[in-house]
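Below: one structure, written as structure tokens.
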Amino acid sequence: MTMTFTDDTLTLPIIGLGPQYVSRHIWLPQLVIEAARRSESVIEGKTFTDCDFEGPAVLLPVSGCRFDGCNMGDSMGDARNLMLTPMGPQKVTGAVAFKDCTFVNCHFLRVGFTGQAQFLNDLVTMLDGKLKP
């Protein structure tokens, strides 16, 4: 990713519509803005391979998402440090929502994860090999 800086402007290359992204650096806030400009509230039906995702952001897999061989980020010794539990029964505000997306060999930096209890438990299991409360 090539960024251009001037005194008061930061210019980033367009991430684009996809649906395939390979070896891309993706700033999650920018991905959300690009989707919103297309009137999309969810990132849907995309495949990300060997991509680097950067926050600050919280990723919310709504349904049908798969993470294969991904580095979810620095858990600082406890996989649960990467996760945020939703407090409301039906919605999460402020998260980047993904639906039916596949992430293959991706890396996440300054990204937290939220979602249904089963997803969070599965993520903990995947990261440290044992289910934690």
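The values are calculated or read from the model by the stated rules, or taken from the named source; none is laboratory data. As the structure is a prediction and not an experimental result, all values here were calculated from the model. Virtual Cβ from ideal backbone geometry, glycine too; neighbours counted across all protein chains shown. To get the accessible areas, we keep the full protein, side chains included, count just its heavy atoms, and leave off ligands, DNA and RNA. Shrake-Rupley method; radii C 1.70, N 1.55, O 1.52, S 1.80 Å.
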Set the Förster distance to 25 Å, then compute FRET efficiency between residue 109 and residue 63 from the Cβ-Cβ distance, nearest 0.05.
0.50
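Could you sort the peptides 13-22, 86-95 by per-residue average Cβ neighbour count (10 Å cutoff), highest mean leading? Working shown, then result.
Working: 13-22: 12.7, 86-95: 9.8.
Per-residue Cβ counts within 10 Å, averaged per peptide and sorted highest first, yield 13-22, 86-95.
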Could you report the chain's accessible area per residue, 1.4 Å probe, as an integer in Å²?
60
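Counting Lys +1, Arg +1, Asp -1, Glu -1, what net charge surrounds residue 65 among other residues with beta carbon under 12 Å of its beta carbon?
-1
If I stretch the segment between residue 71 and residue 84 completely, what's the gain in nm (0.36 nm per residue apart, minus their alpha carbon distance), one decimal?
On the way: separation 13, 0.36 × 13 = 4.68 nm, distance 1.76 nm.
Stretched fully, the residue 71-residue 84 segment lengthens by 2.9 nm.
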Of (1) 16.8, 55; (2) 15.0, 49; (3) 14.9, 52, which one was derived for Rg and Dmax of the Cα atoms in Å from the structure shown?
(2)
Which order do peptides 37-43, 49-55 fall in by mean Cβ count within 10 Å, highest first?
49-55, 37-43
Under 9 Å, Cβ to Cβ, from residue 26 - net charge with Lys/Arg +1 and Asp/Glu -1
-1
Alpha-carbon centroid distance for the pair the stretch 8-43 / the stretch 54-115, whole angstrom:
17
Rounded to 10°, Cα long-axis angle of helix 117-128 versus longest principal axis of the chain
90
Would you work out what percent of the accessible area of the chain, with all protein chains in place, is carbon or sulfur (probe 1.4 Å)?
54
Length released on extending from residue 47 to residue 100, taking residue separation times 0.36 nm less the Cα-Cα span
18.2 nm
When the chain is fully extended, how far beyond the present Cα-Cα distance does residue 14 get from residue 121, taking 0.36 nm per residue of separation?
35.1 nm
